[in-house]
Amino acid sequence: MNAIWAIASSTVGEAIRRKVLLVILLIALLLLSIIPALGVLSARSEMSAMISTIFFVIRFTSALIAIILTIYMIPNEIERRTIYTILCKPVQRWQFLLGKYFGAVLALALMMGIMTALSLVMFWFLKHPDASKMAEVAKQPILYLVEMSLLAAIAIFFSTFVAPLVNFFISTGLWLVGTVLNPLYDSFATNPQTAPIMKTMAKLITSILPNFANYDVKNPILHPGVVIQNEASYYLKTVGYGFMYIAILLILGIVVFDRREV
Amino acid sequence: MAAAIETKKLTKTYRSRQLGKINVVNELDLHVEEGEIFGFLGPNGAGKTTTIKMLLGIIYPTHGEGYVLGREIGDMDVHRVISYLPERPYYYEHMTGFELLKFYDSLFGNHDPDKCQRLLERVNLAGDASKTINQYSKGMQQRVGLAQSLLNDPKLLFLDEPTGGLDPIAHREIRDLILSFRDEGRTVFISSHELSEVELICDRVAIIHKGEIARQGRLTELLKGGRIEITLQGIDEGLARKLATGGTLHNLSDGYMLDMPEEEDVNAVVDTVRSAKGSIVSMVPRKKRLEDLFVETVRAATPGAAPKLAAEGGV
Ligand SMILES: Nc1ncnc2c1ncn2[C@@H]1O[C@H](COP(=O)(O)OP(=O)(O)O)[C@@H](O)[C@H]1O
Ligand SMILES: [Mg+2]
């Protein structure tokens with residue numbers, strides 16, 4: 001446990017010094033502080049549009065950070081041979097991988113926390129929203145964090161056996177597909193011309209692929225007219241799904257990494 | 001004495017597109033005793049790093065056996081009592097020297113800042129403890145590497161090319177540290193192609209070439225067979241020829257030069273020359289150098305390839 005924690009915190013230390021990530025974060029923070037200011041001019045009904053924009057910026061930036069942060073993590077360790085100085089200590093490979101993963105999640109949480117905090121402050125001062133609106137803005141990023149942890153788990157899994165650039169396309173691709181998975185499936189399955197066998201296939205594929213859409217609760221494009229009856233159970237379900245998927249990916253990643261020659 | 005490292009037919013095969021299967025390490029039989037400094041020598045690409053990684057359980061042998069401190073390789077428990085300094089290592093640059101040591105210490109489940117401080121003092125980095133690694137020179141990085149390799153008070157240290165790419169002063173510092181490890185009773189396994197370095201500190205060496213051990217033994221034994229050059233004047237040619245039976249004779253403008261193996265009876269030559277009223281101008285021992293042995297060994301293994309390898313072996 002000690003070793004995992006030590007590796008995780010060294011990973012955070014490295015992550016928050018990566019210039020690419022800082023630049024991305026800075027651009028996002030700039031956008032997030034401009035959006036509410038633009039909204040000042042428009043009517044009060046624009047508030048929900050503004051919230052969507054804030055969410056979009058946070059989500060997109062976090063995904064970019066999650067991918068860029070994780071695809072290089074293991075390959076860099078091998079290339080710079082820092083991994084040897086760690087694996088020759090009483091550290092098992094699974095501990096190393098988990099440490100790296102938790103470090104990535106912590107760094108993500110930190111950066112997402114900063115974005116959310118800034119959004120809340122700007123929102124509060126410029127729009128004077130009521131408490132329920134504030135809660136809405138504060139809650140969504142929690143689901144995003146679970147979503148990004150899942151994305152990071154995908155990227156770290158692939159990083160145990162593919163090169164960073166390939167991994168970038170795989171992870172980004174899976175995230176994009178996973179984001180539109182629900183509407184994609186719906187349009188396919190509700191089409192009367194689809195053969196039953198194709199429907200079963202579609203069902204199978206959609207349940208295997210990681211589903212990212214469910215983490216974007218308030219997105220009217222992904223969830224048109226959806227009213228969540230029991231919010232607590234919805235959150236619990238999506239978070240539980242995420243954690244299970246993450247656990248499976250990490251176990252597979254460990255299996256691959258254990259056999260790998262570094 | 002017990003063996004610190006023992007391998008039996010340890011082999012690592014890689015596949016490459018052009019060459020097919022190649023045995024990068026081929027049926028290696030190594031024997032390293034406890035408490036010695038062992039030099040693992042070979043030209044670049046000989047298979048030194050691959051062997052060390054197998055011994056550490058970082059990569060897996062294709063076949064063969066290996067034991068480190070009596071435990072089969074791959075046994076992670078042994079990592080508590082050994083340490084490793086990779087070749088051209090790279091450390092987390094954002095950490096300070098002190099943080100780096102604390103980080104590696106925590107990988108053992110320890111938290112002992114005093115010990116970290118003491119180790120930094122030992123490698124002469126106490127004054128630079130709060131500088132980050134990217135402000136360290138190469139020599140300083142190598143010293144902080146040695147400091148971290150001492151965190152667990154190891155019985156056995158693997159040092160892969162520890163002086164590679166360092167200036168002479170840094171060489172000297174590293175060498176003195178390694179010697180102090182032996183004084184503390186630790187076993188040190190050094191891979192290197194810098195022969196003059198190894199010659200100064202190693203007790204025993206193995207020469208590896210193309211994945212195979214070409215020579216292995218005590219340095220003093222391997223370096224037996226030096227020569228002595230004796231320059232003589234004032235004796236006639238007949239006597240000179242008689243003296244030269246064990247060696248070779250060269251004619252000089254004003255005398256002779258006798259080149260003979262050092263184990264020949266030099267005193268007898270001196271006596272004979274003196275009693276014939278001749279004079280001995282000089283006697284120069286030509287010690288066999290590790291470099292000679294190395295070139296000789298590599299040349300024997302690959303006819304024709306020697307000049308290049310000799311250049312790599314030189315310092
Ligand atoms: N992962 C690998 N795949 C294929 N060949 C390798 C691999 N690692 C090392 N080699 C080859 O093995 C040989 C020995 O390498 P190495 O052990 O690093 O040599 P040394 O440390 O003695 O310079 C080299 O020819 C190198 O190219
Ligand atoms: Mg090497």
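This table checks each residue for (1) among the small types (G, A, S); (2) within 11 Å of ligand 1 (Cβ to nearest atom).
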position	(1), (2)
B:A2	yes, no
B:Y14	no, yes
B:L30	no, no
B:E36	no, no
B:L41	no, yes
B:A46	yes, yes
B:K53	no, yes
B:I59	no, yes
B:T62	no, no
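This table checks each residue for (1) within 12 Å of another protein chain (Cβ to nearest Cβ); (2) among the β-branched types (V, I, T); (3) open to solvent by less than 70 Å² (accessible area, probe 1.4 Å).
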position: B:Q18; (1), (2), (3): no, no, no
position: B:V25; (1), (2), (3): no, yes, yes
position: B:L28; (1), (2), (3): no, no, yes
position: B:I58; (1), (2), (3): yes, yes, yes
position: B:D77; (1), (2), (3): yes, no, no
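Would you check if there is a residue in the range A:91-108 being open to solvent by 10 Å² or more (accessible area, probe 1.4 Å), within 19 Å of the chain's Cα centre (by Cα) and more than 30 Å from B:N152 (Cβ to Cβ)? The answer is no; no qualifying residue exists. Of the helices (runs of 4 or more DSSP H) lying entirely inside the range A:65-167, the ones with 1 or more residues being within 21 Å of A:Y245 (Cα to Cα) and of a type outside the set (A, V, I, L, M, F, W, C) are found at A:93-127, A:131-159.
The single residue among B:L119, B:L101 that is open to solvent by less than 30 Å² (accessible area, probe 1.4 Å), under 30 Å from A:K19 (Cβ atoms) and away from ligand 1 (no atom under 16 Å from the Cβ) turns out to be B:L101.
Annotation note: of A:V256, A:V262, the sole residue that is surrounded by 12 or more Cβ atoms within 10 Å (Cβ to Cβ) and either outside any helix (DSSP H, G or I) or modelled with pLDDT under 90 (or both) is A:V262.
Restricting to the range B:171-226, give me the number of residues that are among the basic types (K, R) and closer than 18 Å to B:I52 by Cβ. Outline the logic, then answer.
First, the residues of the range B:171-226 that are among the basic types (K, R): B:172, B:175, B:182, B:186, B:204, B:210, B:215, B:218, B:224.
Narrowing further to those that are closer than 18 Å to B:I52 by Cβ: B:186, B:204, B:210.
Looking only at that region, the number is 3.
Contact map, the range B:99-110: first residue touching a residue at least 24 places away in the same chain (Cβ under 8 Å) and facing chain A (nearest Cβ under 8 Å), second residue of a type outside the set (F, W, Y) and open to solvent by less than 10 Å² (accessible area, probe 1.4 Å), Cβ cut-off under 6 Å, separation 6 or more or different chains; pairs are B:Y104/B:Q148; B:Y104/B:L151. With respect to the conditions (1) at pLDDT below 80; (2) closer than 21 Å to A:I142 by Cα; (3) surrounded by 14 or more Cβ atoms within 10 Å (Cβ to Cβ), A:P220 falls short on a single one, namely (3).
Screening A:A66 with (1) farther than 17 Å from A:R17 by Cα; (2) more than 14 Å from every other protein chain (Cβ to nearest Cβ); (3) not basic (K, R) gives one miss only, at (1).
If you go through the range B:37-56 and keep only what is of a type outside the set (G, A, S), away from every other protein chain (no Cβ under 14 Å) and away from ligand 2 (no atom under 13 Å from the Cβ), you end up with B:I37, B:F38. Suppose the filter is open to solvent by less than 20 Å² (accessible area, probe 1.4 Å) and touching a strand residue (DSSP E or B) at 6+ places or on another chain (Cβ under 8 Å); does A:T70 pass it? In short, no. Scanning the range B:86-98 for residues that are surrounded by 18 or more Cβ atoms within 10 Å (Cβ to Cβ), facing chain A (nearest Cβ under 9 Å) and either away from ligand 1 (no atom under 16 Å from the Cβ) or free of Cβ contacts under 8 Å to residues at least 12 places away in the same chain (or both) yields B:Y91, B:Y92, B:M95. The single condition from (1) touching a residue at least 40 places away in the same chain (Cβ under 8 Å); (2) within 17 Å of B:F189 (Cβ to Cβ); (3) within 16 Å of ligand 2 (Cβ to nearest atom); (4) not small (G, A, S) that B:T7 fails is (3).
Just to check your reading of the model, which residue among B:S83, B:S130 is among the small types (G, A, S) and within 13 Å of another protein chain (Cβ to nearest Cβ)?
Within the list B:S83, B:S130, the selection yields B:S83.
If the condition is being assigned to a loop (DSSP other than H, G, I, E, B) and closer than 24 Å to B:F181 by Cβ, then the range B:21-45 contributes B:L30, B:E34, B:G35, B:E36, B:G42. Scanning the range B:29-58 for residues that are in contact with a strand residue (DSSP E or B) (Cβ under 7 Å, 6 or more places away or on another chain) and closer than 20 Å to A:E261 by Cα yields a total of 10.
The values are calculated or read from the model by the stated rules, or taken from the named source; none is laboratory data. Values in this document were obtained by computation on a predicted structure and should not be read as measured data. Here Cβ is always computed from backbone atoms with ideal geometry, including for glycine, and neighbour counts include all displayed protein chains. Heavy atoms of the whole protein, side chains included, go into the accessibility calculation; ligands, DNA and RNA do not. Shrake-Rupley method; radii C 1.70, N 1.55, O 1.52, S 1.80 Å.
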